[in-house]
1. Mind ordering 204-210, 120-126, 18-24 by average Cβ neighbours within 10 Å, highest first?
2. Assign one of three labels to the chain, namely rounded, prolate or oblate, based on the Cα gyration tensor with a ≥ b ≥ c the square roots of its eigenvalues; rounded applies when a/c is under 1.5, prolate when it is not and a/b is larger than b/c, and oblate otherwise.
3. What is the antiparallel percent of DSSP beta bridges lying wholly in the chain, to the nearest 5?
4. First compute the accessible area of the chain with a 1.4 Å probe, then give the percent of it belonging to carbon and sulfur atoms.
5. Specify which residue in the list 130, 94, 53 is farthest towards the positive end of the charge dipole of segment 34-160, using unit charges on the beta carbon of Lys, Arg (+1) and Asp, Glu (-1), about the Cα centre.
6. Taking a point 7 angstrom from the Cα of residue 130 along the C-beta vector, which residues in segment 145-172 have backbone N less than 15 Å away?
7. Accessible area per residue for the chain in Å², computed with a 1.4 Å probe and the full protein assembly in place, what is it?
8. Along the charge dipole of the chain, pointing to its positive end and built from +1/-1 on Cβ of Lys, Arg, Asp and Glu, which listed residue (195, 143, 84) has its Cα farthest out?
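The values are calculated or read from the model by the stated rules, or taken from the named source; none is laboratory data. Just so we're clear, the structure is a prediction, and the values are computed from it rather than from any experiment. Counting neighbours? That spans all protein chains shown, and the Cβs are built from the backbone with ideal geometry, glycine included. Please note that ligands, DNA and RNA were not included when accessible areas were found on the heavy atoms of the full protein model with its side chains. Shrake-Rupley method; radii C 1.70, N 1.55, O 1.52, S 1.80 Å.
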Amino acid sequence: MTNVLLTGFEPFDGSGVNPSWQAVQLAAATPPDGVTLTTAVLPVVFHDAIAQLRTAVEESGAEVVVCVGQAGGRTGITVERVAINLDDARIPDNKGAQPVDEPVVADGPAAYFATLPVKACVAAVRDAGLPAYVSHTAGTYLCNHLFYGLMHLIATERPEVRGGFVHVPFLPEQVTGGDQPSMSAQSIADALTAIVSAAVATTTDLKETGGSLH
């Protein structure tokens, strides 16, 4: 059995729901064969999110960590490739903090790459009949902040752990009356299950195109 930690975020920016946490809970109800799945909901609060993630990694004994967050406006499941050492918050977090042009980790490297097989994870989601693609920017808000914090933890203290970050679209109820793309919580959960399975089974990523022009 492989110990996997799957995390989502609490709601933020006035919304009553966060698709990341709803989907994580659904995915946990039917974990893939050979996987012991632990979940955690993290606060949309700079630094507190990383601290709680650290605790969850320690308590779960996770060998694979997949953090999940909302990316409103994206049309599919996006597996993130790179985390940057920058907080530049467009809106305040849930405690009112709004860092601008600050490092996630003082004196940390400029960036980290995910250690999940990002292209294999994208392929697994597509095989499940859902839209997915590699993303080369996790933004500069809490999702990137957490992603960088995870990869810094792995690089400096937990080299035996593999980890990365997945962005998911809005839920349908978040875009009522609008023209933003959305996806059901169950479909997102199915995508996360496919990603977990691929991450556990694949140590060498696929060699196929996943780049972008812009």
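1. The most tightly packed comes first, giving 18-24, 120-126, 204-210.
2. rounded
3. Antiparallel: roughly 20 percent of the beta bridges in the chain.
4. Numbers: 4880 of 9530 Å².
Of the solvent-accessible surface of the chain, carbon and sulfur hold 51 percent.
5. 130
6. Those under the cut-off are 165-172.
7. Details: 9530 Å² over 214 residues.
So the chain comes to 45 Å² accessible per residue, rounded to a whole number.
8. Comparing the listed Cα positions along the dipole, 195 ranks first.
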